[in-house]
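Novice: Quick one: this structure, given as structure tokens, is what I'll be asking you about.
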Amino acid sequence: MGDTAVLALDWGTTRLRAFRMAEDGSILEQRAAEAGIRQIDDNDFEDVFHTVVGDWLPPARQPSPLIVLGGMIGSRQGWFETPYVPCPADPIRLADHAIAAHTDSGHALWIAPGLSLTSESRADVMRGEELQIFGALDQLGPGRHLICLPGTHSKWALLEDGIIQDFRTYMTGELFDVLRRHSILGTTIEHAVWSDTGFQKGLAASRSEAGPFAHLFTARAGTLLDTLPVEESGSFLSGLLIGSEIASATRELAEGSEVCIIGNPDLTDLYTPAVEQHGIRCHQLGEYTGAYGLFRLAMGLREKC
């Protein structure tokens, strides 16, 4: 393992992704485990850490690659809580506020902080998505960029010359799940299958001046009145919620602007055409940019050390 410069662990709520990286930032080896912080009993993070990457580690207290952890592992429910850093923030600021820690076995770790934003009207936080954004800096280049990271809690961030200036969270994925599991809409949606037609109907409804709340019940009433096939109802709801998120996030963008979408293709492939319907161009990036964000953090930590 002598060619390993950085061990990067993107440790989220549901999954752990680990990367062994060379001095130039290339990924030598990667692993994934269904070992997010919610899946770990009795806070036994150290045992999971050694199970997933133990064979990548040198003996304790011997020269070691930089080991950097990011994502929800630094949250209050994680291994070592790391306070949020207020925006605006760049990778250097992130490295300045990373927390040093040690495993019980003696291995040195660095834990990345998340980002926060507060104003008189709202408060917001992110933890992990900032690493995906910083991992895409080389692909994005200088200037002003609007970044979308779809997910359970979608993030939209404003990046200017490598600095995250602002961001906003939309609970789109979680809201869909709550409505599916705990509302009357679920009695219909449980019989639905994916439908491009239903999704497009939902996107169209999201552009109504009445707003999304005025159309939610259509997912049920439409099936009762035979104006919306049952098999389209779930996709209709998905299109309505995603379309409403996009309409809000891009409201102030001029036609012809561009949005960079980072994430799992299963989601980015839905968001891209939905954004483009607003006359806004899209640029999709792969979902594993977080590894490169952690590497960038590690290089900042090396200078700090």
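Novice: Sort out which residues of segment 252-305 are in a strand (DSSP E or B) and within 21 Å of residue 90 (Cα to Cα), and write them in order of number. Working first, answer last.
Specialist: As a first pass, look at segment 252-305 and keep what is in a strand (DSSP E or B): 258-262, 281-285.
Within segment 252-305, 259, 260, 261, 262, 285 meet the criteria.
Novice: Can you name the residue in segment 163-201 that is free of Cβ contacts under 8 Å to residues at least 24 places away in the same chain and assigned to a helix (DSSP H, G or I) and, of all such residues, is surrounded by the fewest Cβ atoms within 10 Å (Cβ to Cβ)?
Specialist: 182
Novice: Still on this structure: Residues of segment 42-91 being open to solvent by 30 Å² or more (accessible area, probe 1.4 Å), among the polar types (S, T, N, Q) and either under 22 Å from residue 292 (Cα atoms) or touching a Ser or Thr at 6+ places or on another chain (Cβ under 7 Å) (or both), which ones?
Specialist: Within segment 42-91, just 64 meets the criteria.
Novice: Further question on the same structure: For residue 228, indicate whether it is more than 22 Å from the chain's Cα centre (by Cα) and surrounded by 15 or more Cβ atoms within 10 Å (Cβ to Cβ).
Specialist: yes
Novice: Any idea how many residues of segment 5-42 are closer than 20 Å to residue 79 by Cβ and in a loop (DSSP other than H, G, I, E, B)?
Specialist: Residues that pass the stated criteria total 8.
Novice: Name the single residue that is farthest from residue 158 (Cα to Cα) among those in segment 54-107 being without any contact (Cβ under 8 Å) to a residue 40 or more places away in the chain and of a type in the set (S, T, N, Q).
Specialist: 62
To keep it simple, each residue is scored yes or no on (1) closer than 26 Å to residue 126 by Cβ; (2) out of contact with any strand residue (DSSP E or B) (no Cβ under 7 Å at 6 or more places or on another chain); (3) not aromatic (Phe, Trp, Tyr).
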{"residue": "12", "(1), (2), (3)": "yes, yes, yes"}
{"residue": "26", "(1), (2), (3)": "no, yes, yes"}
{"residue": "35", "(1), (2), (3)": "yes, no, yes"}
{"residue": "59", "(1), (2), (3)": "no, yes, yes"}
{"residue": "90", "(1), (2), (3)": "yes, no, yes"}
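Novice: Now, a different point. When you go through 114, 151, 143 one by one, which is the residue that is open to solvent by less than 10 Å² (accessible area, probe 1.4 Å) and within 30 Å of residue 270 (Cβ to Cβ)?
Specialist: Working: 151 fails: open to solvent by less than 10 Å² (accessible area, probe 1.4 Å); 143 fails: open to solvent by less than 10 Å² (accessible area, probe 1.4 Å).
Criteria check complete, one pass: 114.
The values are calculated or read from the model by the stated rules, or taken from the named source; none is laboratory data. As the structure is a computational prediction, the values presented were derived from the model and not from experiment. For neighbour counting, all protein chains shown are included, and Cβ atoms are generated from backbone atoms with ideal geometry for every residue, glycine included. We work out accessible area using only protein heavy atoms, side chains counted, and drop any ligands, DNA or RNA first. Shrake-Rupley method; radii C 1.70, N 1.55, O 1.52, S 1.80 Å.
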